[in-house]
Amino acid sequence: MDNRLFDMAVEAAANAYCPYSGFHVGAALITDDGKIYTGCNVENASYSMTVCAERIAIFKAVSYGEKSFSAIAVAGSKNNDFSANCIPCGACLQVMSEFCGSDFKIILADGVYHLSDFLPVSFDKENLE
Ligand code: THU
């Protein structure tokens, strides 16, 4: 399943809209009950409006009522070689932490990691109390 999810992330990267960076990213998110939502990065001439592939996949899923996720695969490349790890940015890790626990799986080119590997602690709803 991990490899299949990674392959789906590579496929999703084909739709990346990345005229500024040329860096194609795809993400494939799987829910606890096995539904898959994909995303790609969408850039903008106003650079900071860019949204990463991971957040698009997560927001798509949440907009369909999903809130329980077990894993996300992420693939990124400038030249169609997806063998180097594309590590999710801090903003995407923070969004993952809203919905996912520390054992949430992050599947990269060279293997499986967990959210806690990249984001050991996060700002969460308890901080708002
Ligand atoms: N990007 C992602 O979509 N996900 C990541 O994990 C890292 C970066 C995008 C944002 C931008 O469109 C391009 O990659 C270069 O930063």
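The values are calculated or read from the model by the stated rules, or taken from the named source; none is laboratory data. Quick caveat: nothing in here was measured; it's all calculated off a predicted structure. Note that each Cβ is placed from the backbone with ideal geometry, even for glycine, and that neighbours are counted across all protein chains shown. Calculation scope for accessible area: heavy atoms of the full protein, side chains included, ligands and nucleic acids excluded. Shrake-Rupley method; radii C 1.70, N 1.55, O 1.52, S 1.80 Å.
Rank Ser48, Ser21, Ser70 by mean-square fluctuation in a GNM of the chain with C-alpha springs under 10 angstrom and give only the top-ranked residue.
Maximum among the listed residues: Ser48.
From the backbone phi of the stretch 100-110, what are the Karplus-calculated ³J(HN,Hα) couplings (6.51 cos²θ - 1.76 cosθ + 1.60, θ = phi - 60°) in whole Hz, Gly and Pro given as x?
Result, rounded to whole Hz: 10, x, 5, 8, 4, 8, 10, 9, 10, 4, 9.
Using Cα springs under 10 Å in a Gaussian network model of the chain, which residue among Glu11, Glu98, Glu54 shows the largest mean-square fluctuation?
Glu98
Could you state the accessible area per residue of the chain in Å², with a 1.4 Å probe and every protein chain left in place?
So the chain comes to 54 Å² accessible per residue, rounded to a whole number.
Taking the chain as a Gaussian network, where each spring joins two C-alpha atoms under 10 Å apart, which residue of Leu108, Leu93, Leu29 fluctuates the most?
Looking only at Leu108, Leu93, Leu29, the biggest GNM fluctuation is shown by Leu93.
What distance in nm separates the simple spin-label points at Asn79 and Asp7, each placed 7 Å from Cα in the Cβ direction?
Rounded to a tenth, the inter-label distance reads 2.5 nm.
With all protein chains present, how much of the accessible area of the chain (probe radius 1.4 Å) comes from carbon and sulfur, to the nearest whole percent?
Solvent-exposed carbon and sulfur of the chain make up 52 percent of the total.
Counting only residues 5 or more places away or on other chains, whose amide H sits under 5 Å from the amide H of His114 once H atoms are built in the peptide plane?
Excluding prolines and chain starts, which carry no amide H, the hits are Ile106.
Enter the accessible area of Arg55 (Å², nearest 10), with the probe set to 1.4 Å and all protein chains included.
Approximately 50 Å² of Arg55 is accessible to the 1.4 Å probe.
Per DSSP H run of n ≥ 4, the term is -39500 (n - 2.57); total these for the chain, divide by its residue number, and report the mean residue ellipticity at 222 nm rounded to 500 deg cm²/dmol.
-8000 deg cm²/dmol
Rounded to the nearest 20 debye, what is the charge dipole size of the chain about its Cα centre when +1 sits on each Lys and Arg Cβ and -1 on each Asp and Glu Cβ?
320 debye
Out of every Cα pair in the chain, what percent are spaced more than 16 Å from each other?
Working: 4856 of 8256 pairs.
Result: 59 percent of Cα pairs exceed 16 Å.
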